[in-house]
Every structure is written in C-alpha cells, then in structure tokens.
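Taking it in order: structure first as structure tokens, then the write-up.
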Amino acid sequence: MSGHEQFADDLALHALGVLPDEQRIALEKHLEECASCRRELELLRGDMSLLAMSAVGPRPPARARQRLLQAIAREPRRAAAQAPVRSGWAIVLAFATLAFAVAATLLWMDNFSLRSRLSALENRSVQQQAELERAREIVSTLTATDAMKVTLVAAKTPPQPQGKVMYVKDRASLIFMASNLPSAPPQKAYELWLIPMQGAPMPAGMFKPDAKGGAMVINPPLQAGVEAKAFAITIEPEAGSSTPTMPIVMMGEGE
C-alpha cells in the first residue's frame, strides 16, 4: 500500500476524531500537501454531520452514509484501533439517540397542544349550539300566538315597578322581564310565582334586580300544560321558598 493510500484510509478515523496521535500528526502533514485528501476529509466530516442530525433533521442523502461506511471499511482491522473506533461511534450514536429523544418529546408536546386546542374548539362549538337553541326558544316564546301575556304592577308612586310575563303552557316556556324594581333586602331575593287555576302557587324563578331595577327570568323549570290564572312576586330567602311569603309585592292576571 502506498503512503497516499495509507493516509486515505486514515481519513475516516480522523473524521471521527479517534485517530491515534502519531498517525494524526503524520496525516495532518500529508494534508498540507494533498488537496485530494483534504477534499475527502471535508466530505467525510460533512457526511458525519448529516448522519448525526438525521434524527431531527431532513433525511441525509444515501450516498453520504455509503461513502462514510466505505471509508471506514477500508481501515485495517488493527486491534489497537478497534477500541477507539467503537468509542467514536458510541459518541455519535449517543448524540443521535439524544437528538431523537428531544425531537420525539417536542412532537409529543405539539401533538398534546393540538389535541387540547381541538377539545377546546369542540367544547366551544357545543356551548355555541346550546346558546343558539336557547335564543331560538326565547324568540319562539316572544312570537308565539298562543302565549299568555301578563303585566304585573305595584301600587307605588312613579317610577312604578312593573313586570311582564310571556308564558306558553304547552311548552312550559316562560320569559319574565321587570323594570324599576328596588333592591331586595340583604340575604333576600325576589321570587316569581305561577298561580294555577287550581292548586297552590308554583315557584317560577328567583331573581335580583340590577342597579337600574331591571331583572329577567328565562325558562325556569315548570311542568308543561299548567293553566295559569295569574303571576305574583314575593320577597323570599335567597335560596327560595316552596310557598309564598306575604305580602305579595306585585301581581297580575292574564290579558
């Protein structure tokens, strides 16, 4: 084997950084004079970089891996060199494994984030659908031709508290709107009552007026088909009552 060929065979070990010092010094002197070997060394180093980054980057050209393997295969099977080679490859493999682990973790985090955002969008869609259905029910009650309309008033000086009830018995759909109501006493709230043609008054929703005296009750839990004689309002504990507490604050019958 000529001196040039021997140096060419040592290029792979030098690219790995495991060439023994004595041979490395001789090779570096040779590289100062041999442009061909310098190009080959740069190609091998580039191939190693591509292989090391392949776990997280684009797939390296097949010729890069093949060229590096062929260069290593040309190395003599010297017992003294085998241990450093194995050590060098262990470093490369460890780096590639670590890079792959980091990439896998990042991909898992991205996937988890995408699933979370998808779940949030699905929940938002369900919420919007529920809000749309509620809006349709409100419009349906307000425009129903068979709706019972009741105005509740209080015998006070202006601005007189007033309430309006829209009630569709067949669907148990009810909308109540009030204005000019004074604030309820501490630990108390207003309660709306449905007074049927027969039987005891039925609770139809708790409410507290806002700063301007306005309040609203929309579709409280009621039994469908109950014929209403009148509606009334009393002041009750915040948790509500099963029977009205006198006196009645406001009351009104069907128009």
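Summary of computed values
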item: Fully extended contour minus Cα-Cα distance, from Asn219 to Val153, at 0.36 nm per residue; result: 21.7 nm
item: Inter-label distance, nm, simple model (7 Å from Cα along the C-beta direction), Gln129/Glu32; result: 7.9 nm
item: From phi via Karplus (6.51, -1.76, 1.60), per-residue ³J(HN,Hα) for segment 138-145 in Hz, x at Gly/Pro; result: 4, 4, 4, 5, 5, 9, 5, 6
item: Debye log10 I(q)/I(0) for segment 119-255, one point scatterer per Cα, at q = 0.22 Å⁻¹; result: -1.35
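No value in this document is a laboratory result; all are computed from the given coordinates. From a predicted model like this one, the values you see are computed outputs, not experimental measurements. Backbone-built Cβ (ideal geometry, glycine too); neighbour counts: all protein chains shown.
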